[in-house]
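Novice: Let me give you the structure first, and then I'll get to my questions.
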Amino acid sequence: METRVSGDSFAGLLEMEVKENSGDFVRKFVRLDTSTCRLEYFHENAANENGAQLSRVPDGNFNVCFLSLTGDAASARPKVPHCFYIVVSGKKYYFKASSEQVKQLWIEKLQDASRITVPQRRSLVESCSTQTGFKVEVVGGVIVKTPMECLPDAADDIDSDESIQRSSSPSQNFEEESIKSGYCTKQGFFRKSWRRRFFILSASSFRYCRSMEDRIPIKIIKVADILEARPSIGIHLNRENLFELVTQSRVFYIQADSESERDSWIAAITQCLQTARGPKC
């Protein structure tokens, strides 16, 4: 069995380098589950010759949300045939397939899984209702992240000195006329997870909320603190339609639903900055 597709999962036998830069590869049964956004690896005997999974407890797993890059490792590991790599939370892991065809198939499946998909509007509130924390352990020389349940309003977005407590007084004025608004997906500052948010640009601020209905901002960025908005190139290669909002304290990575929508956000923010700064002398 080289690969097997079943519902939302793609699985097969691969060899995995369990200790960084050791060159020692161990045979594993690997499963990519797009319904849970997990890449799990098991003992090689976890599946029978027909591909039916026998073991339900993985040796370790990766959260695909933290997978920033997948690629061919032929140049990095020229002596290892059919080798490819993934980058998870800034760390590179190497895998060896049984053939070039299987290698390319895994690369394509992982790249597709790590791209952000736009949820249906009716499921937006549900998708934001729970958040996941992770317990980090080292098993067999490999960093393993185990999900832990968190409260719905865990402080995933309270990630910089620009954050606003959601208990802020409702009398605070957020009724300034909107220049542009809509849903985008942004990267968190600490956890680096990607979350769907509703963004609102006005003459004085760029803010985002959990949903269109929940207008209490998670964060407000003053237009005066924004340096520029620009397309993002070479940072998150698997993230399409990405732009950067550069402020005096950090860079926000935001993904629009399409290339035209990305360009529209950049143009609107740039025009807002030019208006706020006034004509050049």
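Novice: Taking region 230-281, which residues are in a strand (DSSP E or B) and over 25 Å from Glu176 (Cα atoms)?
Specialist: Hits for region 230-281 are Pro231, Leu242.
Novice: Quick one: would you say Ile216 is part of a loop (DSSP other than H, G, I, E, B) and farther than 17 Å from Thr185 by Cα?
Specialist: yes
Novice: Same structure again: Which condition does Leu124 not pass, out of (1) surrounded by 19 or more Cβ atoms within 10 Å (Cβ to Cβ); (2) assigned to a strand (DSSP E or B); (3) modelled with pLDDT under 55, if it passes all the others?
Specialist: (2)
Novice: What is the one condition in (1) open to solvent by 40 Å² or more (accessible area, probe 1.4 Å); (2) over 22 Å from the mean Cα position of the chain (by Cα); (3) at negative phi; (4) modelled with pLDDT of 90 or more that Asn50 does not satisfy?
Specialist: Exception for Asn50: condition (4).
Novice: While we're looking at this one, here's another question. Is it the case that region 77-87 has a residue that's at pLDDT below 85 and hydroxyl-bearing (Ser, Thr, Tyr)?
Specialist: So far as region 77-87 goes, no, none of its residues is at pLDDT below 85 and hydroxyl-bearing (Ser, Thr, Tyr).
Novice: Please go through region 27-42 and pick out each residue that is surrounded by fewer than 19 Cβ atoms within 10 Å (Cβ to Cβ) and within 17 Å of Leu105 (Cα to Cα).
Specialist: If the condition is that a residue be surrounded by fewer than 19 Cβ atoms within 10 Å (Cβ to Cβ) and within 17 Å of Leu105 (Cα to Cα), then Asp33, Thr34 are the ones that fit.
Novice: Considering only region 202-248, state which residues are β-branched (Val, Ile, Thr) and open to solvent by 50 Å² or more (accessible area, probe 1.4 Å).
Specialist: The answer is Ile216, Ile233, Ile235.
Novice: Being out of contact with any Leu (no Cβ under 7 Å at 6 or more places or on another chain) and aliphatic (A, V, I, L, M) is the filter here; which residues of region 20-34 pass it?
Specialist: Val26
Novice: Related question: Restricting region 92-104 to residues that are open to solvent by 60 Å² or more (accessible area, probe 1.4 Å) and out of contact with any Phe, Trp or Tyr (no Cβ under 7 Å at 6 or more places or on another chain), which is nearest to Leu237 (Cα to Cα)?
Specialist: The selected residue is Gln104.
The values are calculated or read from the model by the stated rules, or taken from the named source; none is laboratory data. Predicted, not measured: the structure shown is a model, and the values here were computed from it. Because the Cβ atoms are built from the backbone with ideal geometry, glycine has one as well, and the counts that use them run over all protein chains shown. Heads up: the accessible areas ignore ligands, DNA and RNA and are worked out on the full protein's heavy atoms, side chains in. Shrake-Rupley method; radii C 1.70, N 1.55, O 1.52, S 1.80 Å.
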